[in-house]
């Protein structure tokens, strides 16, 4: 069972490394992107409307998984060593990965030894001038994001939501099955069987850990996939069948219940 495979198949991670090396002074990052920052040395203060001011003095990773405006200020009289990348976890496409993460993640590099080899390769590429350097750094940053998602699930540090559900070995089986087979006519009993739990225990655990009922999660996943298909130009009837609704009318009804709009209305405002 690969808990991330289906999500990463539907929602592509992408990164664009735009700064490597010394950072002095002050810079404001716009709110049009998510961002990944690796502070390798030095001291940086970070301010944003999303969190209280941060004063970073140790090597760390700072992740803004969704669009986030923030300001970096280097310590007066010294330079910080930074690698910075714009990232897209699929938030524009509605990826549940992007929305399963908090507004900001701040993790000391010492706590992420499993990512050290990837970070070392990223630093090596950033310090070099070999052909394909930019593409290599971007791909390594994407790999770093996958490592980070693994780390969050394996450390069970997500208190609630999708990542917390995927961190639970039993719930992960049911969630992954729903991800893989959205068109299946899932019943609560079948979901519980996939998790190897009783129906009552499964329903209670799912609500407590994921934060919603299994049925609500399945409906949201189906609508999420429907949005992706519609954005790609797939017909409404085809989309309805692909995500588990028997007709375009049934999809429209579920779509309005989840988004407040019909599929046609949503498409007009999707971008």
Does the range 179-190 contain any residue that is part of a helix (DSSP H, G or I) and without any contact (Cβ under 8 Å) to a residue 24 or more places away in the chain? yes
Out of 242, 164, sole residue that is over 30 Å from residue 265 (Cα atoms) and touching a helix residue (DSSP H, G or I) at 6+ places or on another chain (Cβ under 9 Å): 164
The number of residues in the range 98-142 that are part of a helix (DSSP H, G or I) and more than 29 Å from residue 6 (Cβ to Cβ) is 10
Looking at (1) part of a helix (DSSP H, G or I); (2) assigned by TED's automatic domain parsing to the domain that holds residue 226; (3) touching a residue at least 24 places away in the same chain (Cβ under 8 Å), can you tell me which one residue 207 breaks? (3)
Condition met for residue 219 (buried (at least 21 other Cβ atoms within 10 Å of the Cβ) and within 18 Å of residue 258 (Cα to Cα)): no
Which of the residues that make up the range 244-267 are under 23 Å from residue 191 (Cβ atoms) and assigned to a helix (DSSP H, G or I)? 250, 251, 253, 254, 255, 257, 258
Looking at the structure I just gave you, is residue 262 more than 27 Å from residue 5 (Cβ to Cβ) and surrounded by 15 or more Cβ atoms within 10 Å (Cβ to Cβ)? yes
Inspect all residues belonging to the range 230-243 and state whether any of them is under 20 Å from the mean Cα position of the chain (by Cα) and either in a helix (DSSP H, G or I) or without any contact (Cβ under 8 Å) to a residue 60 or more places away in the chain (or both). yes
So, in the range 154-174, how many residues would count as being closer than 13 Å to residue 211 by Cα and part of a helix (DSSP H, G or I)? 6
Suppose we filter 195, 177 for residues that are under 16 Å from residue 217 (Cα atoms) and crowded, with 20+ Cβ neighbours inside 10 Å; which single one remains? 195
Some residue of the range 81-97 being part of a helix (DSSP H, G or I) and surrounded by 15 or more Cβ atoms within 10 Å (Cβ to Cβ): yes
Assigned by TED's automatic domain parsing to the domain that holds residue 19, closer than 26 Å to residue 91 by Cβ and surrounded by 16 or more Cβ atoms within 10 Å (Cβ to Cβ): is that true of residue 149 in this structure? yes
Residue pairs within 7 Å by beta carbon, gap of at least six or interchain, first lying in the range 247-259 and not assigned by TED's automatic domain parsing to the domain that holds residue 219, second part of a helix (DSSP H, G or I) and surrounded by 17 or more Cβ atoms within 10 Å (Cβ to Cβ), listed first then second, are none
Need a quick list: strands (runs of 3 or more DSSP E) entirely within the range 1-73 having at least 1 residues that are free of Cβ contacts under 8 Å to residues at least 60 places away in the same chain, within 21 Å of residue 114 (Cα to Cα) and under 17 Å from the mean Cα position of the chain (by Cα). 34-41, 60-64
Just checking, how many residues over the range 200-214 are at pLDDT 95 or above and surrounded by 16 or more Cβ atoms within 10 Å (Cβ to Cβ)? 5
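The values are calculated or read from the model by the stated rules, or taken from the named source; none is laboratory data. All figures in this text were calculated on a predicted structure; none of them were measured in a lab. Reconstructed Cβ throughout: ideal geometry from the backbone, glycine too, with neighbour counts over all protein chains shown.
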